[in-house]
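Here is the structure we will look at.
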Amino acid sequence: PMRNAAIALFVHVAALEVMLLVFKWGLYSVVFANIVFSFLMCQLNAASIRKYLHYRQEIKKTFLIPTIASLIMGAAAYGVYHLIYKLCHINAAGAGGAILAAVAVYGILLIKLGCIDENELKKMPGGTRLLGAARKLHLM
């Protein structure tokens, strides 16, 4: 991890310099350079884990299903926010409704798309209650 951090830090500083001096992105340079650093750290650490532990990351349950669920969740939250705002013209109500809808839609999709099974749900904090609710709602 230390070697990976040093490599990522070097690339981070170089990317920051290019974005600041060449592209003149100002404060956005810091944001994008931090994204570069974090992404590179994840990739380098994953490569090290793969190399030394011979572990292969499961792509579908780790990346694909959560990405699909988050896209649908975002669309649902967007729709709920605008619907509530159109009805009562209160931002806080729209935001609150959107957050509740987002949590519910994301959780339901993770279960229905097979990303989380009963054993994984039981291991989560409050998982026994969640499992009971999922069974009552015929999600599992």
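The values are calculated or read from the model by the stated rules, or taken from the named source; none is laboratory data. Computed from a predicted structure; not experimentally measured. Glycine gets a Cβ as well: all are built from the backbone with ideal geometry, and neighbour counts include every protein chain shown. Ligands, DNA and RNA are excluded from the accessible area calculation, which covers all protein heavy atoms including side chains. Shrake-Rupley method; radii C 1.70, N 1.55, O 1.52, S 1.80 Å.
Of the heavy-atom accessible surface of the chain (probe 1.4 angstrom), what whole percent is carbon and sulfur?
On the way: 7440 of 10240 Å².
In the chain, the share of accessible area belonging to carbon and sulfur is 73 percent.
Suppose the chain between Phe23 and His138 were pulled fully straight at 0.36 nm per residue; how much longer would it get relative to their current alpha carbon spacing? Don't skip to the end; give the middle numbers.
Working: separation 115, 0.36 × 115 = 41.40 nm, distance 5.30 nm.
Length gained between Phe23 and His138: 36.1 nm.
Would you please give the FRET efficiency between Glu118 and Gln57, computed as 1/(1 + (r/R0)^6) with r the Cβ-Cβ distance and R0 = 22 Å, to the nearest 0.05?
Details: r = 23 Å, r/R0 = 1.03.
For R0 = 22 Å, the calculated efficiency reads 0.45.
Based on the alpha-carbon gyration tensor of the chain and its eigenvalue square roots a ≥ b ≥ c, which shape applies: rounded if a/c is under 1.5, prolate if not and a/b is larger than b/c, or oblate? Don't jump to the answer; show the numbers that get you there.
Numbers: a/c = 3.35, a/b = 1.33, b/c = 2.53.
Here the chain falls in the oblate category.
Leaving out ligands and nucleic acids, and using a 1.4 Å probe, what accessible area per residue does the chain come to in Å²? Intermediate values should be presented prior to the final figure.
Details: 10240 Å² over 140 residues.
Value for the chain: 73 Å² per residue.
Explain nothing, just the number: relative contact order of the chain, from Cα pairs under 8 Å at least 6 residues apart, as a whole percent.
Values: 95 pairs, mean separation 23.2, N = 140.
Normalised by residue count, the contact order of the chain is 17 percent.
For Thr62, what accessible surface area do you get with a 1.4 Å probe? Give it in Å², rounded to 10.
Near enough 60 Å² of accessible area.
Check cross-link reach from Lys61 to the lysines: straight Cα distance under 21 Å, and skip same-chain residues fewer than eight apart.
Partners within reach: Lys112, Lys122, Lys123.
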